Amino acid sequence: MTQRSHSLPRRAVASWDYSWLLRRDGRATEYRDLGEVMGQLVQRGFNALRIDPFPHLIATNADGYESERFDVQAEPDRHGRGTDASVQVRPHKALLELLQQAREHGVVLWLSSWFLPDSQGRRHFVRQPRDFVRVWVETLEFIRENGFAAQVEAVDFCHQFPLPPAAWGAARRVFGRHPRRVLGLLRWDERVCERVSEYTVEVPRALRALFPDYYYGLSVPLSQWRNLPQLDTGELDFIDVHPWLQDDLQFRLASGDLLQGSGPALAGRLQQTVAARLYGLQTERWLTRADERLAPALDFARKRRLGVAMTEGYLRLERERTAHWGWLQNVSEHMVVLARAEQVPVMTPALQARPHSELWQAEDWLAGICARILSEETPLALSSAQ
């Protein structure tokens with residue numbers, strides 16, 4: 001096995017996750033015209049897109065039966081993904097449409113999956129490494145058979161594995177308890193790490209044997225990186241680290257972030273104003289602390305010869321309608337400068353850079369920060385970004 005992490009390309013990534021499929025009909029239609037939004041993506045300076053191709057729905061079921069229509073229900077989510085209502089989807093047809101538009105606009109795809117619940121309960125049957133291999137092989141083969149293999153660049157077999165809800169089927173096997181009872185922030189014991197390593201070795205190894213031209217990696221919230229050194233990462237090409245300002249407990253306590261989403265909208269706007277003011281008054285302090293949290297994960301990646309991506313971050317918003325967008329843009333710019341200084345080649349300007357977010361209308365800002373991500377020039381000093 002030959003890792004290609006040293007050649008991980010420079011990418012400005014937008015994360016449309018599973019929203020691209022669930023928000024195409026009914027009251028949420030931002031992704032109905034994929035040609036239009038893909039054109040907007042390119043206009044804003046992006047050259048890559050991270051999506052969920054719904055591999056458990058593209059693949060046949062355990063009995064070899066293929067379905068064309070599913071009712072999908074998004075899990076409750078803190079990041080504004082998807083919709084609150086059940087949505088009927090046709091994943092095969094929609095994925096081919098998205099692949100076609102990606103090719104026409106010169107956009108490469110980074111694939112992951114949240115394994116959302118559906119009307120056939122398919123995610124319950126994706127439990128063991130061989131189950132992940134099967135659904136991904138069938139999905140990647142579907143893409144290749146239809147002539148779009150070149151549009152895929154990277155595969156993360158399960159979003160933030162082994163944490164539920166994405167790893168719903170595997171969580172009981174890994175942690176020995178029901179997925180709803182798993183406390184993801186607990187340090188993993190030796191047995192858990194051994195079980196996780198089965199997946200991080202077997203799944204990418206099997207997929208690479210059949211699809212050798214892709215990068216294979218593991219996504220992880222920055223708060224979980226300390227579990228990584230205990231894993232076997234020899235078959236991985238990259239880690240996709242997701243850092244959030246609210247990972248800093250001191251900031252959460254000082255800014256009142258723990259109250260986000262628990263009160264009326266007016267209280268949410270007030271909390272955002274207070275947090276933005278706190279950040280503005282002590283920017284260097286919070287940036288230094290963010291750098292201190294990020295650096296060990298990056299050092300670990302270098303020692304393991306893993307490429308690094310940051311496709312999610314950097315400011316978590318419980319309610320976008322109460323968002324302080326100027327503050328979010330400042331935090332995002334600062335995090336991009338930090339990551340560029342550390343030679344991270346794959347980044348998103350912000351998780352909220354997507355058609356169903358108000359930030360999508362900040363076209364000039366997005367184009368500017370994407371240009372910074374893609375630039376080969378030495379990054380600006382932190383003080384220049386404030």
Legend entry - Residue selected from the stretch 330-359 under the condition modelled with pLDDT of 95 or more, of a type outside the set (A, V, I, L, M) and touching a Leu at 6+ places or on another chain (Cβ under 8 Å), by the criterion nearest to T273 (Cα to Cα): S332
Legend entry - Boolean, E97 is touching a Pro at 6+ places or on another chain (Cβ under 8 Å) and surrounded by fewer than 18 Cβ atoms within 10 Å (Cβ to Cβ): no
Inset, instruction - Specify which of the listed residues (E312, E320) is in contact (Cβ under 8 Å) with a residue 60 or more places away in the chain and within 13 Å of W244 (Cα to Cα). - result: E312
Legend entry - R50 vs. criteria among the charged types (D, E, K, R) and open to solvent by 50 Å² or more (accessible area, probe 1.4 Å): no
Inset, instruction - Would you be able to say whether some residue in the stretch 77-89 is open to solvent by less than 40 Å² (accessible area, probe 1.4 Å), in contact with a His (Cβ under 6 Å, 6 or more places away or on another chain) and in contact (Cβ under 8 Å) with a residue 60 or more places away in the chain? - result: no
Inset, instruction - Give the residue that is most open to solvent (accessible area, probe 1.4 Å), with candidates limited to residues of the stretch 65-76 that are assigned to a loop (DSSP other than H, G, I, E, B) and among the acidic types (D, E). - result: E66
Legend entry - Filtered residues of the stretch 116-130 (kept if of a type in the set (D, E, K, R) and either modelled with pLDDT under 95 or not in a helix (DSSP H, G or I) (or both)): D118, R122, R123, R127
Legend entry - Failed condition for L140, given (1) without any contact (Cβ under 8 Å) to a residue 40 or more places away in the chain; (2) part of a helix (DSSP H, G or I); (3) open to solvent by less than 30 Å² (accessible area, probe 1.4 Å): (1)
Legend entry - G80 being small (G, A, S), modelled with pLDDT of 90 or more and in contact with a helix residue (DSSP H, G or I) (Cβ under 7 Å, 6 or more places away or on another chain): no
Inset, instruction - Give Q151, Q120 a once-over and let me know the one that is at negative phi and open to solvent by 30 Å² or more (accessible area, probe 1.4 Å). - result: Q120
Inset, instruction - Working only within the stretch 124-137, note down all residues that are aromatic (F, W, Y) and either crowded, with 23+ Cβ neighbours inside 10 Å or farther than 20 Å from E202 by Cα (or both). - result: F132, W136
Inset, instruction - Could you check, for the stretch 28-37, whether at least one of its residues is surrounded by 19 or more Cβ atoms within 10 Å (Cβ to Cβ) and touching a strand residue (DSSP E or B) at 6+ places or on another chain (Cβ under 6 Å)? - result: no
Inset, instruction - Check the stretch 86-102 and report whether any residue there is assigned to a loop (DSSP other than H, G, I, E, B) and either hydrophobic (A, V, I, L, M, F, W, C) or within 21 Å of the chain's Cα centre (by Cα) (or both). - result: no
Inset, instruction - Identify all residues within the stretch 53-64 that are among the hydrophobic types (A, V, I, L, M, F, W, C) and open to solvent by 10 Å² or more (accessible area, probe 1.4 Å); write none if there are none. - result: A62
Legend entry - Candidate set: the stretch 275-322, residues that are in contact with a strand residue (DSSP E or B) (Cβ under 9 Å, 6 or more places away or on another chain) and open to solvent by 30 Å² or more (accessible area, probe 1.4 Å); chosen: the one nearest to A14 (Cα to Cα): R302
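The values are calculated or read from the model by the stated rules, or taken from the named source; none is laboratory data. Just so it is clear, the model here is predicted, and its values are computed rather than measured. Cβ atoms come from the backbone with ideal geometry, glycine included; neighbour counts cover every protein chain shown. The area values use the complete protein model at the heavy-atom level, side chains included, leaving out ligands, DNA and RNA. Shrake-Rupley method; radii C 1.70, N 1.55, O 1.52, S 1.80 Å.
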